[in-house]
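The values are calculated or read from the model by the stated rules, or taken from the named source; none is laboratory data. Because the structure is predicted, anything quoted here is derived from the model rather than measured. Here Cβ is always computed from backbone atoms with ideal geometry, including for glycine, and neighbour counts include all displayed protein chains. Keep in mind that these areas ignore ligands, DNA and RNA; they rest on the heavy atoms of the full protein, side chains included. Shrake-Rupley method; radii C 1.70, N 1.55, O 1.52, S 1.80 Å.
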Amino acid sequence: MKTILTAALAALIASGAIAEGHNTVKVGMITTLSGGGAGLGIDVRDGFMLAVKDRKEIEVVIEDDQRKPDIAVQLSDKMIQSEEVDVLTGIIWSNLAMAVVPGAVAQGKFYLSPNAGPSALAGRGCHENYFNVAWQNDNLHEAAGAHANSAGYANTFILAPNYPAGQDALTGFKRFYEGELAGELFTELGQADYASELAQIRASGADSVFFFLPGGMGISFLKQYADSGIDLPVVGPAFSFDQGILQAVGDAALGVANTSQWSKDLDNAANVAFVEAFQAEYGRLPSLYASQGYDTGKLLISAMDVASIDDPDAFRAALEMADFDSTRGDFAFNSNHHPIQDIYVREVVREGDVLTNRIIGVALEDHGDVYATECQF
């Protein structure tokens, strides 16, 4: 696919349809900077700003959505109408993405998602100006289902919050998982007490547990799980075992297998440079979210280097090329502007005084999403 896009981009350049580049691009970043999900938004922001720090022609306006859809919509309207941004980015939560993205792209703006990838925006609700630089929501959970098969789990209990990403999570896991379900639960978004869920897991006869609980929800669940005495292996996506979460969870996370398209130990030049630069700039190890923010910034730069934002068709073609060195290695966009990429299995380990992840295998290779066939631009 990248060969075809390269030829198309070369043809645009040769025909003069792509300009030498735009002098400025104004980016509106709406992300979560306060409350229970603040760590995720801070990491996306910091990764993005690290990527664009030397590009003076990129102006970034940053606002806190407070994890509230109505606030996110108000900020989007303000950025489009008053700030006159060219590109929007930053949203962490899928319910906020569903509130903001359709209206933004309908007004001719480009949206580059560094995180949320709801199925509704990957299939029939796709749009030519919407690009997801992270994953489609189902993907890491599909990989967890594949890993559960490889690990020999045959009766897994599954749970996730009841919002678009949580619904996609359980759908994705079940799509690849071949065993039986000991139980299936949707929890409340932002829930902190999991006593009832743990009681149901204990009584279910499960041989394993899969959960998707990002941010503070995952911290609460894992701590309570460790204290419960339930001795079942746990599988999850990277969101509940990421760098910013592990230190809060502590030893309860050691040895847990989780799935991710990125890890700090990926051995490619772009990732080695990113991890080093992030630590130097911010004094901490980067997270999955930081890597996604960074790649989003690099994607934007790659398009700006060959196309003007004032020529939407040319700029879109440049984005579709994804001609940048991703922290995750091989990266390409599918026909619905969502990634095709490898998804790894990681294990939580201790390195000195720090809990972190290391890659132990590949769950899915060159993996796209099932909704691309429904997308018609």
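Assorted remarks:
- Residue satisfying all of: in the stretch 252-262; touching a residue at least 60 places away in the same chain (Cβ under 8 Å) and more than 23 Å from G329 (Cβ to Cβ); surrounded by the fewest Cβ atoms within 10 Å (Cβ to Cβ) among these: G255
- Elements of type helices (runs of 4 or more DSSP H) contained in the stretch 37-130, each with 3 or more residues being touching a Ser or Thr at 6+ places or on another chain (Cβ under 6 Å) and touching a residue at least 40 places away in the same chain (Cβ under 8 Å): 38-52
- When the criteria are applied in full, S302 fails the requirement of being crowded, with 24+ Cβ neighbours inside 10 Å, part of a helix (DSSP H, G or I) and either in contact with a strand residue (DSSP E or B) (Cβ under 8 Å, 6 or more places away or on another chain) or of a type in the set (S, T, Y) (or both).
- Selection from the stretch 152-188 of residues that are assigned to a loop (DSSP other than H, G, I, E, B), open to solvent by 30 Å² or more (accessible area, probe 1.4 Å) and under 19 Å from M98 (Cα atoms): N162, E188
- The conditions of being farther than 13 Å from W93 by Cα and within 13 Å of the chain's Cα centre (by Cα) are not met by H127.
- Between G244, G215, the distinction of being small (G, A, S) and open to solvent by 10 Å² or more (accessible area, probe 1.4 Å) belongs to G244 only.
- Filtering the stretch 189-211 to residues that are more than 16 Å from Q224 (Cβ to Cβ), open to solvent by less than 30 Å² (accessible area, probe 1.4 Å) and within 21 Å of the chain's Cα centre (by Cα) leaves only F210.
- Among the conditions (1) open to solvent by less than 40 Å² (accessible area, probe 1.4 Å); (2) in a strand (DSSP E or B); (3) not aromatic (F, W, Y), I340 misses just one, which is (1).
- Just so you know, in the stretch 200-246 the residues that are assigned to a helix (DSSP H, G or I) and in contact with a Pro (Cβ under 7 Å, 6 or more places away or on another chain) include one that is modelled with the highest pLDDT, and it is M217.
- Tabulated pairs, the stretch 357-377, first over 18 Å from E142 (Cα atoms) and open to solvent by less than 70 Å² (accessible area, probe 1.4 Å), second in a strand (DSSP E or B) and of a type in the set (K, R), C-beta under 9 angstrom, 6+ apart or interchain: N357/R346
- Among the residues making up the stretch 305-327, those that are under 21 Å from the mean Cα position of the chain (by Cα) and assigned to a loop (DSSP other than H, G, I, E, B) are A322, D323, F324, D325, T327.
- The single condition among (1) open to solvent by less than 20 Å² (accessible area, probe 1.4 Å); (2) modelled with pLDDT of 95 or more that F331 does not meet is (2).
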